[in-house]
Amino acid sequence: ADIRLMQLTATIVAALGALAIVVVALAWIAKQPVFGLRGIRIEGDVAHNSALTIRANAAPRLAGNFFTIDLGTARRAFESVPWVRQAVVRRVWPNRLAVQLEEHRPVALWVSAATGSNAPDRLVNSFGEVFEANLGDVEDDALPTLRGPDGSSAGMLTLFTRLQPLFAPLEAHIDTLTLSGRGSWHVELDSGVEIELGRGSDDEVLERTRAFIATLPQVTGHFQRALHSADLRHRDGYAVRLQGVSTTDVAKKK
């Protein structure tokens, strides 16, 4: 029994020794200059940044070689570059990185209600996420503006997407959609018309807007005047102000 125990102990010690040698050898190999990062291949969306600019911004934050670099840290380094929404980083043997990029696609300008300013300072992407970028780099001059409390951008974009088609009969587009801190919605159209949509769920706001647009031609046709502004916050109808008319009329919903 003692001999078997000694043999087992010797075997374990020998195995541990061999493992230690392998670990030391691998550590030595991993530190060799041949595995130092020699290049970064940029793939995917680079519409707003050149590959050279992306490398220049992210490279100073990369540490380690092919084996030791932390891919999570590397991903965050590339995602810190303006216009980059998401990065996927992978190793390419023996000393390179490949980075797949997805850029933000701007769909609206953003104004935080907390700033008290009316000037957009950030952008909203197609996922409803607010991001920072140089507004001068935006190619689309007709982006709408969303103004609301921080954290409300995704919900505002959803309602905007559902509201916009309703204004097609007016041949108008939403220029600014505002959500107050109390949950009240306000629309400014590119024609200059302003509409108070009121509070409630998205479906309730849409239903009020739909009923308003459906009956508006009767009101404007009767007075032969174009719409100046409207208030849909009334329980049984809406108030309108027509161009050239100083009084305010209430149109009953049917």
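Mind checking which strands (runs of 3 or more DSSP E) fall wholly inside the range 56-171 and carry at least 1 residues that are among the charged types (D, E, K, R) and more than 18 Å from Gly44 (Cβ to Cβ)? In the range 56-171, the matching strands (runs of 3 or more DSSP E) lie at 122-125, 145-148. The single condition among (1) more than 21 Å from the chain's Cα centre (by Cα); (2) at pLDDT below 90; (3) open to solvent by 60 Å² or more (accessible area, probe 1.4 Å) that Asp70 does not satisfy is (2). Beta carbons closer than 6 Å, at least 6 apart along the sequence or on distinct chains, pair a first residue in the range 228-246 that is under 13 Å from Thr209 (Cα atoms) with a second that is hydroxyl-bearing (Ser, Thr, Tyr) and not in a strand (DSSP E or B) for Ala239/Thr248. Residues that are modelled with pLDDT of 80 or more, of a type in the set (S, T, N, Q) and assigned to a loop (DSSP other than H, G, I, E, B) are absent from the range 29-40.
Scanning the range 87-113 for residues that are more than 17 Å from Gly155 (Cα to Cα), more than 17 Å from the chain's Cα centre (by Cα) and surrounded by fewer than 19 Cβ atoms within 10 Å (Cβ to Cβ) gives Val88, Arg90, Arg91, Val92, Trp93, Pro94, Asn95, Arg96, Ala98, Gln100.
Within the range 225-244, is even one residue at pLDDT 95 or above and acidic (Asp, Glu)? Yes, because at least one residue in the range 225-244 is at pLDDT 95 or above and acidic (Asp, Glu).
The values are calculated or read from the model by the stated rules, or taken from the named source; none is laboratory data. Keep in mind it's a predicted model, so treat the numbers as computed, not measured. Counting neighbours? That spans all protein chains shown, and the Cβs are built from the backbone with ideal geometry, glycine included. When the accessible area is computed, the model is the full protein with side chains, heavy atoms only, and any ligands, DNA or RNA have been set aside. Shrake-Rupley method; radii C 1.70, N 1.55, O 1.52, S 1.80 Å.
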